[in-house]
Amino acid sequence: MPFRNGGVGCSYAAISDVWKREIGGISSINFSRRRAASEDLVLRLEILRKLDKHHGCVNTISFNEAGDILVSGSDDRMVILWDWETGRVRLSFHSGHNNNVFQAKFMPCCEDRIIVTCAADGQVRHAQVREGEVHTKFLAEHHGRVHKLAIEPGNPHTVYTCGEDGLVQHIDLRTDRATPMFTCASQLCDSYLPVNLNAITINPRNPNLFAVGGGDPFARLFDIRKYNWNGSSDYGHPVDHFCPPHLVDDEQVGITGLAFSDQSELLVSYNEEFIYLFTKNAGLGPQPPATSQPLDDSDEDGVTKKDSTSSSNARTDTEAGILCYKGHKNIETVKGVNFFGPGCEYVLSGSDCGRIFIWNKKRGELMRAMEADKQIVNCIEGHPHETVLASSGIEDDIKIWTPKAINRASLPTSIQKEGVPPLIHARRFFAFGGFFQDHDDISETDDDDDDDVDDDDDDDDDDDDDDEEANGNWTTDDDDEEADEEADDDSDGLYYSSVNDADWNENMALNEEMVIREEEEEDHNSFEDLDNHTIEDLAKNDVNIIPSSSSDADEM
C-alpha cells in the first residue's frame, strides 16, 4: 500500500477513475460526483479567503442554485450578495428588519432576483432586485423570533416559516398571502403549551413532507396533502415523530437544527446532546411513546427490550434506523446542521469550541475538526456542485473553504475516533463519531508554512491558522455512488444497547480488519484496471487527478 500514507495526493481508485474518464468508461458527470465526494478532498479543505463586510455576527449563509453567488445576513440587519471566488461584493442592502437577520435564501428559478429573509423581530420579508435596486416588503409575522424558513425545491412561489410562538405558516409569493397552518403543542405535558420552533426543512425527494423541531426532543413530520385550505381540517397532528428512544421524555433537550438528505434521511441536532440521523422508517409514529427507553435497557444478546405498556401506535416492533454523531458542543446558540457532498456523504456541524466538525455519514467517523471562529461556529453551507464550504459564527466574517492544502489533515490526538461498519445487521446500537477529552486541547496541527489564512484582528493569529492542517494516515473512500445508495437502502437500522468494553474492542478490531481488507481489494482491482497504462504514462499525458469544477460540476 505505498500510496496510503505517502505524500502522493491520490489513491489507486482516483487514478483509475481518471483513466476511465479519458477512454469514455465513465461519464464526466459521474466522475465529478465521485471525485467531489472523495475523502481526500475533504481532508485537504482549508481557508481560501475571508469575506469581511458585515458589522455583526453572520447568522446565515446560502449559495444560489448555480453556486457562483453566496448570500449572507447579519446582526447588522444587512444582506450581502458575494462573488465568493473573488471576494467581491455584488450587492448590499438593508433587509428592512428591525433586528438581527437569522436567515436569507434565494428563491429558485428567479435568476437570483428574489430573496426571502426572517429575523429576530418576528418578521418574514421579501426582497426583489430590479436593475440594481432592491425593493423590500413585509410578508408575514410571528409572535417571537423566526430562526428558519424552508423553500420548496424548484418552486419559486412557496415558503414555509416557523417561529418561537410554535406557529407554522405557508406563504404564497404570488399573492403575498401568509396562511397560518397550525401551532405545535408539547408532547411532554398535559396542558396545551406551544413548542418554540427553531428549525424547519423540506424533504427534497418528496416536497409534500416537511419537518419542524424546537423546544422539545421531537422532530415532527407533516404532510401538506393532509391540509385543507378552507381550514376545516385538524392539521396540527404530525404523520410521524422522530426522536432517539432515550430522549423521549427528556425535558432538558431541544432541537436546534434539521436537514433532509437526498435519500429522505432526517438529520437532527440537539442542544446539550448529539446529532442523530434517522432513516425514513425510523419514526415513532403519529403518537410517540410517553416514556423513554434507556440505552442500557438490553438483554444479554444486545437486543433492546421494549416497553409492553407503550402506545400501540408506536413502532416498537421494527428496528430503529438511527445513527449518532459525537464530538461537537452545542449549548450556547441555535446551531444548524447540514449534509455535504453530491450524495450527502458527510455530516456538518458547528460547535461552541469554534470548530467545524465533519463526519462520514455512513461510518459515523469524525474526519475533521477545523478551526473556524474564535468563539462559536453556527452556520456551515456546502456548495451545490463543488467541494467548497462556507462557514460563519460569532465573528463578523465568512470563511470560504476549498481543498487546496498540500497535505491531508489528521485529527487532533485529543479526539478519540470510534467507528463501526454502517451496515451491521444486528439488533444493536453503537456510538458513532468521536468525543472530546478536553475542549481546550483540541486543535489541528500543520507542518506546512502556508500563510493563506490571515486573521483580521491580530497578525499574531497567522501562525495559529498556519498550524491547522497536518499530514495524516487517512485512506480515501471512493466507493461507487450506486453501491452507496444500495447500502443506504439496506440500512435497516441499529438498536440502542449497552456494550461492554471487551465486546466493543473485539468488534472494533474485527471491524478494522474488514475495512482494511475491503480497501486493499478495491485498490488492487482498481490498479489492475489501468492495464498497460502506468502512473508515469498518465503523468506524461498531463492527466489531472483533481476534477474540474467548472464544466463537470455544471452538468450535474
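The values are calculated or read from the model by the stated rules, or taken from the named source; none is laboratory data. None of these values were measured; they are calculated from a predicted model. Glycine also receives a Cβ, built like all others from the backbone with ideal geometry; neighbour counts cover every protein chain displayed. What goes into the accessible areas is simple: the full protein's heavy atoms, side chains included, and nothing from ligands, DNA or RNA. Shrake-Rupley method; radii C 1.70, N 1.55, O 1.52, S 1.80 Å.
Reported to the nearest whole Å, the Cα centre-to-centre distance from the range 336-379 to the range 32-54 is 12.
Apolar share of the accessible surface for the range 334-418: 46 percent from carbon plus sulfur atoms, 1.4 Å probe.
Distance distribution P(r), the range 1-151, all Cα-Cα pairs, bin width 5 angstrom from 0: 2, 9, 15, 16, 13, 10, 8, 9, 8, 6, 4, 1, 0 percent.
Could you tell me which of the pairs LYS20/LYS399; LYS226/LYS362; LYS148/LYS329; LYS137/LYS335 are separated by over 29 angstrom between their Cα atoms in the structure shown? In this structure, LYS20/LYS399; LYS226/LYS362 lie more than 29 Å apart at Cα.
Counting 0.36 nm for each residue step from GLU22 to PHE93 and taking away their Cα separation leaves a gain of 20.9 nm. Here's how it looks for ALA119: its modeled amide H is under 5 Å from those of PHE102, VAL146, which are all 5 or more places away or on a different chain.
Taking all protein chains into account, the per residue accessible area for the range 59-153 stands at 40 Å² (1.4 Å probe). Note on ALA185 and HIS143: the extension gain reaches 13.6 nm, defined as 0.36 nm multiplied by sequence separation minus the Cα-Cα distance. Return the FRET efficiency for the residue pair ASN228, GLU111: r is the Cβ-Cβ distance, R0 is 30 Å, and the value is rounded to the nearest 0.05. Plugging the Cβ-Cβ distance into 1/(1 + (r/R0)^6) gives 0.30.
Oblate is the label for the range 48-133. Its Cα gyration tensor axes, ordered a ≥ b ≥ c, give a/c of at least 1.5 and b/c at or above a/b. Here the range 55-77 and the range 129-160 have alpha carbon centers that stand 14 Å from each other. What percentage of the solvent-accessible surface of the range 117-180, computed with a 1.4 Å probe over protein heavy atoms, is contributed by carbon and sulfur atoms? Accessible surface attributable to carbon and sulfur in the range 117-180 totals 42 percent. For the range 86-156, taking Cα atoms only, Rg and Dmax work out to 12.4, 40 Å respectively.
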